[in-house]
Amino acid sequence: MFRFSCLAAIGACLLACGTASAGGSDAASCAGGYAPSFRLGGAVESPRTFDAAALAALPSARQAVDYYSGSAGLVSQTYVGIPLAELLDDAVVRVDPTVKNDILRKVVVVTGSDCYEVVLSLGELRPDFGGSAQALVAYATGDGSALSASEGAMRLVVPGDKKGGRYVSNIVRISVRSVDH
């Protein structure tokens, strides 16, 4: 019951917000390919565009991850990047102070150049609510090398995921949205 309620709420939010998967985008903008930058926007006070150099100028974190990929089997990799929660904190997510824990009614939609999208709740990203393993916007591998061409300039990495389904390559957009009833 809880799982269905959460999925229904997220689905309703995505339909209301007009994501690419809900028909809000044309095929030309979903061509895929290398994305040199992404836009962080939506319900934030300070929207901003990032490229790998802008991310590399910020204090970074390192995450070792293991996940199963449909094509590669078990993947073990170390990534360097910025915790997504820190990027969102710097952008200042808009909340309604009259609504108790309004921050927990926010979702983050991460979109790749091929319009592949994943949704994360803001509560699971924030260290004061979620677990210790933080989602990372990676721009390099553990040895400092740039990401592979298929991963793009930046990639969402979600430590703790058993499958790599929420790993978004070639990020073009990160958008904060409210879940409305």
Among 87-93, 112-118, 134-140, the order from most to least packed when residues are scored by Cβ within 10 Å on average: 134-140, 112-118, 87-93
Extension gain, Arg48 back to Val75 (0.36 nm per residue minus Cα-Cα distance, nm): 6.6 nm
Total formal charge among the other residues, if their Cβ is under 13 angstrom from that of Pro127, Lys/Arg +1 and Asp/Glu -1: -3
Theoretical gain in end-to-end length, Ala146 to Asp180 [0.36 nm per residue, Cα-Cα removed]: 8.4 nm
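Rule-based calculations on the coordinates, nothing more; no lab input. Since the structure is predicted, the reported quantities are computational estimates derived from the model, not experimental observations. Please note: Cβ atoms are built from the backbone with ideal geometry, for glycine as well, and neighbour counts cover all protein chains shown.
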